[in-house]
Every structure is written in C-alpha cells, then in structure tokens.
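The values are calculated or read from the model by the stated rules, or taken from the named source; none is laboratory data. It should be emphasised that the depicted structure is a prediction, and the values quoted were computed from it without experimental measurement. Neighbour counts are summed over all protein chains in view; Cβ atoms, including those assigned to glycine, are modelled from backbone coordinates with ideal geometry. Ligands, DNA and RNA are stripped out before the accessible areas are found, and what is left, the full protein with its side chains, is counted by its heavy atoms. Shrake-Rupley method; radii C 1.70, N 1.55, O 1.52, S 1.80 Å.
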Amino acid sequence: MPARRLLPFLAWPAQWRTHGLRGDLVAGVTVALVLIPQALAYAKLAGLPPHIGLYAALVPAVVAALFGSCGQLSTGPVALTSLLVGASILPLAASAGGDVAGLALLLALLSGLFQLAFGLLRLGWLLNLLSVPVLMGFVNAAALIICLTQIPPLLGLSMAQSQHLVMDFAAALGGLAKVDPAAVAFGLGSLAALVVLKHQWPRLPGVPLVVTVAIALSAWSGFEARGGAVVGAVPSGLPELGLPPLRPDLITALLPAAFVVALVSFMEAAASAKLISGRTREAWNQDQELVGQGLGKVAAAFTGGMPVSASFSRSALNYANEARTGLSSLITAACVVVTLLWLTPMLWHLPKPVLAAVILQAVAGLIDTRVLVRAWRASRDDGAGAALTFIATLAFAPDIQNGIFAGLILSLALMVYRGMRPRVALLGLHEDGTYRDRERFGLPHPHPQLVILRFDSPLSFVTAATFEDAMLGAARAQAGVKVVLVSAGGINDIDATGLYTLASLVERFHVQGQTIAFCGLKKQVIDAMERDGLWARIGAQASYRTEHQALDALLPALADKPPPALTTPPV
C-alpha cells in the first residue's frame, strides 16, 4: 500500500485485469486528436511559439499521469493557465532579453514546486481558501478577456499586447477596413463549423476535423502566398533537455504569478477529478494529485514546455471513452511523439484564424453567468464577492493574476466576516416537540425564569465577543431570568479566548444571581474545559445532553429553591 501511495501507477495493472485495455487505448487516441491542435492554439494564447504547446503535451502529461491519483485526467496546455502564463511573462520579456520561452520554463518550475510542496506537506487544503463564487467570477472575467484577445486574430487582424487591453482591442478593430476576406472566411467558418459539430454531432471529433479541412483548403488555395497568416514551420523532433533561466531577479518577479498559476491550475484539475471520481465512485487523493500536477510542471520546465494543467474537456473525453488509468495519457503522448517526429510539416499551412476559432470555441464554455446569479441568490456576500472579483479581473487586465489575488483576499475577508457573525437564536418549544428559533416561529420562552440560547459556531477569539453579547442579552430577555441554558450542539471547538470569556460570564452571572447551564456539549469542547479547569466549576450544570433533559432537571429547582451555586467558589 505505501508503494502504491507513492507510485500510483503500480495500481494500473489491477484496473486492466478488471476493465481491460480497450478504453484506455481508444481514449488516448481520441484525446490526442483534440489535444494536438489545442496545444498549438494555447501556446499562441500564452504568447509562445506553437511547438512549445506540443512539448508541454508530451513529458509533462506522462509524468502527471504516472504520479496523479485520477487516471482520467488529461494534462497539458489549457486555456485559463495559458492566459495566466501570457499575462505573467510578457511584461517581463524586456528584463529577460526577450526570452519569453525561458520565462515560461521558469514559471513552470516555480508553480510546479509550489504544488509539489503543498502535496508533499499535505497542505492541499490551503488551495481551497478560494471560494467557488469568487473563482467563478475570475473564470468568467478571464474567459471574456480571452475572447477579446482572440476576436482580432479570428478576423485576420493583428493585436498589440500592452498594459491597455481595451485600447489594444479597439486599435486592432480599427483595421477592419483592410481585413482579408480569406482570413475572415477561415476564422468565422471554422468557428461556425466547430459550434455546429459540437451541437449537432457531438460524438464526432470536431476540432481535428475542422483543423484538417482548414489545412487542406489553405494549402490548396494558396492562403499563405496571398499574405494570409499561417502557423509556418514547426520544429520536428523531440524536445531537448535544458534548464530555465535561474536568475534571482526573474525568480522574485515571477513568484506571485507562480502561486496564482499553481492555485488556479490545480483548481481546474480538482474540478475535473471530483466530477469523474463521483461518477466512477473511485476515490481521488487531493495531495497526491498536487504531487502529480506539480511534477508535471517541473517536467515541463526541463523539456522546453510551459505550465500545464488538467483540461476539463479532455478529461471528460477520456471518461466518455471509458479510460480507467493513466495509460490513456501515455497513448496520447505517443501520438504527440508521432506528430513531432513525422507530421509537423503538415501543420505549416494551418491558418492562424483557425487557431483563434479553436480557442474561442473552447473558452466559450467557461462563461457561465448562471453560477454568479445562483451565488447572489444563495448569499449576498457570495454574490458580491463574485461580482467584485469579476470587475477586478477585468480592471487589472491583462494582469489578470491581480484579479485572482483580489478574489483570494475577498474569500478570506468573507470567511472572517462570516465567522464574526455566527447565528444566535433564542429557542422555544415547537409543536413538533423540538426547540426552535422562537422569533422565526413565534414561540414563547420555555419558562418565565429560564431562557434557551443556541450558538451555531466554534467559541473562539473571532466569536467570543458575539457570544458574550448574546449571553448578556439572553439574561435580560425576560424580567426574572435565573438560568440561561446554552444549546451547545453547534459549538464544535473552543480556544483560550473562548474559555476565558466563558469563565468571565460564569462569574458575572453568579454575582447577578443567575446560572449558566449547557446541553449538547461535544467531547472535544468538554476536554478543553477539563484541561482549563473550568469543567470542575460548571460540570454539574453542563452535562445535559438535550434541552428536554436539561429542563427536566432545572425547572423543578427553579420552582423549589434558588438556582444552584457554583460547585467551587469563583476565582
């Protein structure tokens, strides 16, 4: 078992014996047909030569498959990560002497090391600090930015890449009067064909079909000879091993971007892994997947690639073709090897507007405003966080990594804000026999001298002040309150500040001739009280399991005699 945990691919043979190899073989070839043109397109999106996308689809995909925990994930270039790469490296191109490829390698190394460290130290939970609404706000904004950057190339227009995205877009559209009709035909025709194939014949491999037809038409019509933009020469042969530029100034400049790439790319991978594992009912390991994705990026850094991630669409294609293990990714990589060794001359005549169409068709699926609307309906806080992240990402464009930092800060701020405002309710007996929020259901207090307060949160330094205010308010909820019973089933933890606040309240209530009792305390909370010494003072009034049990014990005492004193004098 330990060996399989470190080397997940050792478990593949057991899967083959159960399910056979056919699914992996078919899925591997099918995904390769989609991956190869996408790799060329996504490298272009990152501002890199097209062949770097193919390099990133080779060794990194194999390494991620060997060491990842979800066999159906297809690792390689993806749209969102590619956009982040371009936004991160292009502003530093002058500092690196124009070596954007070297910057991409360094970014792959740094982001891979982040993920590898998180995985080995089992800190994958840190990457869950970005809430889903905030992430979707970023994804929607990033997808919109990608679409804006690809519309000019779709029409055969060139677009500058500066710090002013909207101005660059407007300047590019200013050349519409000189647009090449052939380029427009290739771009819009390819996009239309991809959309029709996806909706009318979803089982057909739309991307490779459209790319193949476009290459044939481009070569036949002399598109390049008439001034059309084509991919051109793609170096043949396998990538050479090398080192990224390990300059301290570049490392320092890329560290924030590397963290963002590590965060966003893994959340892409995790989304695919969760969906697939839910359908196959096979567990996936978050920390092991971090190791696999991190090693994949590190491999890209030494084999001429770029930062990679698991593609949602290609992973879904793997699953649809009944892939069971990472062998499917090895088959895909073998197809990439064949392409690099013998088929690159065929890519010469691929029109660049077709690559823009491939990107637009893939990225359009990322735009989902319904998620933002649902977030707003579910919680105004979540909706505001998603909207602010969306706006911030657009405002910072093309430096969209700042948008994700804004989203991360918002996520943490919302978490703290909600933690400081836990739900507190005074309870009354409902007709169904349970004690429920008396304000919501119009219920009376259980007794003129007793109030039940429910606190739905850990009792910590974040919530201690709220708990204290709620308890003092409960003590004044009726004219003759002698006992405040805390329904403590929602208190699942207590820290030193919580214990100090509770001890102070116990003393204050005692001085006022009132008592604090508890029901439903959890074992870990009682353990903390015992270690602090507080339990010895309140245990007699804090051992009740339910509200009914507590009232059965407390109400007769209220009728017959004054409330019980503390078991030991207050300190």
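Find the all-direction average of the projected area of the Cα convex hull for the stretch 355-427, expressing the result in square nanometres with one decimal place.
Details: hull surface 26.2 nm².
Across all orientations, the stretch 355-427 yields a mean hull projection of 6.5 nm².
Measuring with a 1.4 Å probe in the full set of protein chains, what accessible area per residue, in whole Å², belongs to the chain? Can you show the working numbers first?
Numbers: 25250 Å² over 571 residues.
Value returned for the chain: 44 Å² of accessible area per residue.
Express the carbon and sulfur contribution to the solvent-accessible surface of the stretch 7-125 as a percent, rounded to the nearest whole number, probe 1.4 angstrom. Walk me through the numbers before you get to the answer.
Values: 2660 of 3740 Å².
It is 71 percent, rounded to a whole number.
May I ask which residue of 391, 148, 494 lies farthest towards the positive end of the charge dipole of the chain, with charges of +1 (Lys, Arg) and -1 (Asp, Glu) on Cβ and the Cα centre as origin?
Among 391, 148, 494, the one farthest towards the positive end of the dipole of the chain is 148.
Could you tell me how far the Cα centroid of the stretch 20-80 sits from the Cα centroid of the stretch 146-180, in Å?
Taking the Cα centre of each part, the stretch 146-180 and the stretch 20-80 sit 29 Å apart.
Throw me the Rg/Rh for the chain, computed over C-alpha atoms with Kirkwood Rh, two decimals. Write out the running numbers ahead of the final one.
Details: Rg = 30.4 Å, Rh = 27.0 Å.
A ratio of 1.12.
Picking from 211, 225, 273, whose Cα lies most toward the positive end of the charge dipole for the stretch 190-281 (charges on Cβ: Lys, Arg +1; Asp, Glu -1)?
Highest projection toward the positive end goes to 273.
Using only the C-alpha atoms of the stretch 418-571, find the volume of their convex hull and express it per residue in Å³. Working shown, then result.
On the way: hull volume 15.9 nm³, N = 154.
Convex hull volume per residue, Cα atoms: 103 Å³.
Using Cα positions and a limit of under 29 Å, work out the lysines in reach of residue 482, with same-chain residues fewer than 8 apart set aside.
522, 523, 561
Just the number, please: carbon plus sulfur as a percent of the accessible area of the stretch 243-297, 1.4 Å probe, no ligands or DNA/RNA counted. Each step should come with its number before you reach the end.
Numbers: 1330 of 2190 Å².
Roughly 61 percent, rounded to a whole number.
In debye, nearest 20: dipole of the chain around its Cα centre with unit charges on the Cβ of K, R (+) and D, E (-)? Don't jump to the answer; show the numbers that get you there.
Numbers: 38 positive and 32 negative charges, 164 e Å.
With only Lys, Arg, Asp and Glu charged at Cβ, the dipole is about 780 debye.
Using a Cα-Cα cut-off of under 30 Å, which lysines could be cross-linked to residue 352, ignoring same-chain neighbours fewer than 8 residues away?
44, 178, 198, 297
So how many Å³ per residue does the convex hull of the Cα atoms of the stretch 31-153 work out to?
Details: hull volume 16.4 nm³, N = 123.
Given the Cα convex hull of the stretch 31-153, per-residue volume reads 133 Å³.
For the chain, with the dipole built from +1 on Lys and Arg beta-carbon atoms and -1 on Asp and Glu ones, taken about the Cα centre, which of 424, 509, 548 lies farthest toward the positive end?
The listed residue farthest towards the positive side: 548.
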